[in-house]
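The values are calculated or read from the model by the stated rules, or taken from the named source; none is laboratory data. As the structure is a prediction and not an experimental result, all values here were calculated from the model. Note that we place each Cβ from the backbone using ideal geometry, even for glycine, and neighbour counts take in every protein chain shown. For accessibility, only protein heavy atoms count, side chains too; no ligands or nucleic acids. Shrake-Rupley method; radii C 1.70, N 1.55, O 1.52, S 1.80 Å.
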Amino acid sequence: NRRKKKDDSILEIPSIPNPFPELCCSPFASVLSASLLPKATSRKKQVIKVYSEDDTSRALEVPSDITARDVCQLLILKNHYIDDHSWTLFEQLTHTGLGRAIEDHELVMEVQSNWTMEEENKLYFRKNYAKYEFFKNPLSFFPDHMISFPSETNAAVSHSGVLQMFLSSSTYPEIHGYLHAKEQGKKSWKKLYFLLRRSGLYFSTKGTSKEPRHLQFFCEFSNSDMYMSLTGKKIFGAPTSYGFCFKPNKSGGTRDLKQLCADDEQSRTCWMTAIRLLKYGMQLYQNYMQPYQGRSGGSPLNVTPMRSISENSLVAMDFSGHRSRIIENPTEALSVAVEEGLAWRRRGCLRLNSHGSPIAMSNMGTSIHRSQSWFHHKISREEAQRLILQHGLVDGVFLVRDSQSNPKTFVLSLSHGLKIKHFQIVPLEDDGKLFYTLDDGHTRFTDLIQLVEFYQLNKGVLPCKLKHYCARIAL
């Protein structure tokens, strides 16, 4: 009885009203609880370390399924860089002197999983202008003497048609030519005739014979990655500097490398480009097209990057008069921009140096270039060539450096026709004023910035205009 009375007293206590009844009685309660409450994510996060050209580094906490393109986008945003679709994640194997540009779709954690603990391998963030250049300019990548077509292809195939054949699943052009191959387990190299077909890479045991009985299988690419040999002559005794190799994903060391060496840069570029297309096919084209998806005006294999909305909203303005006006004539806009650049150099005779003290503008011309991204101070000829090679052998990739042979002159290093050429910039003194020239004084410039800006607009005595500069970025 006492227990019954106690229960009755508890029941008589009025219940506290629910201040949020809709969360209990609403038919959407389950939806709200599922969508608003934080979920326990199953994506694991890991820390990766990415280096830049000046050996500064940045640690990033990223999900385990992040791609190389996503890492590049993350670094572009964090460092406020301009995204011109040429940023690349580069894998460098320190002990073997090998390196490669990681494809945009590759998972970064899968790449790192192939590294061993004792190796000091690194990921680099840099520009690679040649990453998809073969889609824009296939003529430079597939010379006629290295490519042949299936017998059923009777008509002449254009270079854009060559790319279509690479990307199709039914036909595939054959790449052929001589390569130096390192003999397995030996230090010697042997020159052999190689053929690249859809089934893999072969070499002929009898001269240039393509008969099946004379072809021996060399390598297939599904379980291996292709690397460029950066120091092949020094480490492996390669006969030339144009080496590349295939490394199995789970490699036991240098003994598992299948090493090859071409006679020139054009040949190496052709082989490596064709193998990339063979291995990845349409995935490469999708990577190339991704920045332009949803934009009109682009046609397959002939895509022109369009300007962004923010760029289209910009106009040239003239503020020289009492009232500003829009400059509609492009020629006039260009001349005004050049004039403003010259006026900036003449404006005011005094400017502040790095310590805050005024310096004369006439003295500034000798050192103003040191703050420019394209100037690399005292680097060797070999280092300049390595930097340009890493940025891609596209026409117009350049840098300016101090001359090692003559301390008073400078050198313009420029990529053209898959070769790196060096042009001496000579200082001239006339009537007490210092000028710089590339053509024995016919065209003179007051400083190196003016010289570079001129050749960015005009080819002049150079084989091509200056288009892309090599920069040592900092992370």
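Inspection of the stretch 291-311 identifies no residue that is at pLDDT 70 or above, open to solvent by 70 Å² or more (accessible area, probe 1.4 Å) and within 17 Å of the chain's Cα centre (by Cα).
Only one of the numbered conditions (1) assigned by the TED database to the domain that holds residue 167; (2) surrounded by fewer than 19 Cβ atoms within 10 Å (Cβ to Cβ); (3) in a loop (DSSP other than H, G, I, E, B); (4) in contact with a helix residue (DSSP H, G or I) (Cβ under 6 Å, 6 or more places away or on another chain) is not met by residue 150, and that is (4).
Quick check on this structure: which one of 88, 94, 116, 67 is touching a residue at least 24 places away in the same chain (Cβ under 8 Å), of a type in the set (S, T, N, Q) and open to solvent by 40 Å² or more (accessible area, probe 1.4 Å)?
Of 88, 94, 116, 67, the one residue that is touching a residue at least 24 places away in the same chain (Cβ under 8 Å), of a type in the set (S, T, N, Q) and open to solvent by 40 Å² or more (accessible area, probe 1.4 Å) is 94.
Out of the residues in the stretch 86-117 that are among the charged types (D, E, K, R) and assigned to a strand (DSSP E or B), state the one that is nearest to residue 230 (Cα to Cα). Talk me through it step by step, then tell me what you get.
First, the residues of the stretch 86-117 that are among the charged types (D, E, K, R): 91, 100, 103-104, 106, 110.
Pick out the ones that are also assigned to a strand (DSSP E or B) and you get 91, 100.
On the way: 91: 12, 100: 10 Å.
Looking at residues that are among the charged types (D, E, K, R) and assigned to a strand (DSSP E or B), I get 100.
Quick grid of which residues meet (1) assigned by the TED database to the domain that holds residue 145; (2) at pLDDT 95 or above; (3) over 19 Å from residue 96 (Cβ atoms):
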{"position": "182", "(1), (2), (3)": "yes, no, no"}
{"position": "188", "(1), (2), (3)": "yes, no, no"}
{"position": "204", "(1), (2), (3)": "yes, yes, yes"}
{"position": "207", "(1), (2), (3)": "yes, no, yes"}
{"position": "219", "(1), (2), (3)": "yes, no, no"}
{"position": "229", "(1), (2), (3)": "yes, no, no"}
{"position": "232", "(1), (2), (3)": "yes, no, no"}
{"position": "235", "(1), (2), (3)": "yes, no, no"}
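Checking each residue in the stretch 161-197 for being farther than 21 Å from residue 254 by Cα and loosely packed, with under 11 Cβ neighbours inside 10 Å picks out 169, 170. Of everything in the stretch 423-449 that is touching a residue at least 60 places away in the same chain (Cβ under 8 Å) and open to solvent by less than 50 Å² (accessible area, probe 1.4 Å), the residue that is farthest from the chain's Cα centre (by Cα) is 447.
For the stretch 237-248, the set of residues classified as without any contact (Cβ under 8 Å) to a residue 60 or more places away in the chain and in a loop (DSSP other than H, G, I, E, B) consists of 237, 238, 239, 241, listed by residue number.
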